[in-house]
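The values are calculated or read from the model by the stated rules, or taken from the named source; none is laboratory data. Note that the structure is predicted; figures quoted are calculated from it, not measured. For neighbour counting, all protein chains shown are included, and Cβ atoms are generated from backbone atoms with ideal geometry for every residue, glycine included.
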Amino acid sequence: MDVYSLAGNNRGWKKMVIWHKARKLVENIHQQYPITHLHSFWLGECALVGQQMATRLKVRHTCTLMGQDALSGNRYFNKLKPAFTLITLSNFQNQMVLNNYHIDSLIIPWGIENVYQKTISKDVDILGVGNLVNEKHFEDFIHIVQRLITLYPRLQARIVGEGPLMNNLRKKIEQLSLEKNIHLLGILPYAETQQLIGRAKILLHMSAYESFGMVFIEALAAQTWVVCRPVGIAAELGLTLKVNTNDEAANVIQEILAENKRPEAVQFSIEDTVDQYMDLIFKDGKDVCI
């Protein structure tokens, strides 16, 4: 798949220049290889330019919502009043779009490759993965661990990720004397993160919003328990242990550690994701998409 970068990291009126470049690029490609379907990712600038070009070229347009573009306050919904096909990643995200904009969508979950080894040793008790921002609620993670170490003083927890709250979280860990229990690892290469997910007994994820939550299915594929709020794909998965408060999370984790068993592996196949997109894009028998 060819990729054309437009260096779109611009603000204000400069965005108009990038949008113009994108429109010209699509027109040039269309002259060489007539386009039958435009597909934009995120309902934002890309969807705006995509719909303009789909209208001009008289082709179908599909947009995949990826994250917080489903939340209320997305001005592009009002600008576009989308009549084109919207794709969401989970029932949870689809319901968010319905509630906020009264528009239904097609649900196509993400998938992953089956690359995990089930025999890996589980030597990390609790793992957190994500950007260190307010929305991910890693302070809740720390307080849950604090409660658990009264029963498991040697409990080992790890947090993978970086963000503006790194120093605040480090200070909180020091204030609560949890330096021996919680380790902030920063950003790790993808392969190392996946290996760490496999080593963890429990993935603890207290984020208040996820459109899908790729880390959920990565954990389930690696036979790692998932304890989280009912967000993203977790809201509809039976093997995730859904909680709403720190106390509930601590109680559930205590039961898992006491039982010391692994969950059954669950695989969301990337091949299934690709097949659903291919069926959508090429349903009219044509074979050119951008």
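Just to be sure, is residue 242 modelled with pLDDT of 90 or more and of a type in the set (Lys, Arg)?
It is false that residue 242 is modelled with pLDDT of 90 or more and of a type in the set (Lys, Arg).
Pairs under 7 Å by beta carbon, first residue over 30 Å from residue 112 (Cα atoms) in segment 167-193, partner of a type in the set (S, T, N, Q) and not in a helix (DSSP H, G or I), six or more apart or different chains?
From segment 167-193, the pairs are 181/156.
Could you count how many residues in segment 39-79 are farther than 18 Å from residue 24 by Cβ, among the aliphatic types (A, V, I, L, M) and buried (at least 20 other Cβ atoms within 10 Å of the Cβ)?
Of the residues in that region, 4 qualify.
Being more than 30 Å from the chain's Cα centre (by Cα) and either modelled with pLDDT of 90 or more or over 20 Å from residue 65 (Cβ atoms) (or both): is that true of residue 24 here?
yes
May I ask you to list the residues in segment 97-123 that are more than 30 Å from residue 191 (Cβ to Cβ) and without any contact (Cβ under 8 Å) to a residue 60 or more places away in the chain?
97, 98, 99, 100, 101, 102, 103, 104, 105
Tell me, please, whether a residue that is closer than 21 Å to residue 39 by Cβ and within 22 Å of the chain's Cα centre (by Cα) can be found in segment 197-212.
The answer is yes, given that some residue of segment 197-212 is closer than 21 Å to residue 39 by Cβ and within 22 Å of the chain's Cα centre (by Cα).
Those residues that are farther than 16 Å from residue 238 by Cβ and either in a helix (DSSP H, G or I) or within 24 Å of the chain's Cα centre (by Cα) (or both), I need them from segment 248-261; list them, please.
248, 249, 250, 251, 253, 254, 255, 257, 258, 259
Given the conditions (1) under 15 Å from the mean Cα position of the chain (by Cα); (2) at pLDDT 95 or above, which single one is not true for residue 112?
(2)
Within segment 1-35, count every residue that is acidic (Asp, Glu) and farther than 15 Å from residue 56 by Cα.
1
So how many residues does segment 210-247 have that are closer than 17 Å to residue 136 by Cα and in a strand (DSSP E or B)?
4
Check 190, 209 and return the single one that is within 24 Å of residue 135 (Cα to Cα), out of contact with any strand residue (DSSP E or B) (no Cβ under 9 Å at 6 or more places or on another chain), surrounded by fewer than 14 Cβ atoms within 10 Å (Cβ to Cβ) and of a type in the set (Ser, Thr, Tyr).
Among 190, 209, only 190 is within 24 Å of residue 135 (Cα to Cα), out of contact with any strand residue (DSSP E or B) (no Cβ under 9 Å at 6 or more places or on another chain), surrounded by fewer than 14 Cβ atoms within 10 Å (Cβ to Cβ) and of a type in the set (Ser, Thr, Tyr).
Got a sec? Which helices (runs of 4 or more DSSP H) wholly within segment 137-207 have at least 2 residues that are among the aromatic types (Phe, Trp, Tyr) and in the same structural domain as residue 220 (by TED's automatic domain parsing)?
In segment 137-207, 138-148 are the helices (runs of 4 or more DSSP H) which contain 2 or more residues that are among the aromatic types (Phe, Trp, Tyr) and in the same structural domain as residue 220 (by TED's automatic domain parsing).
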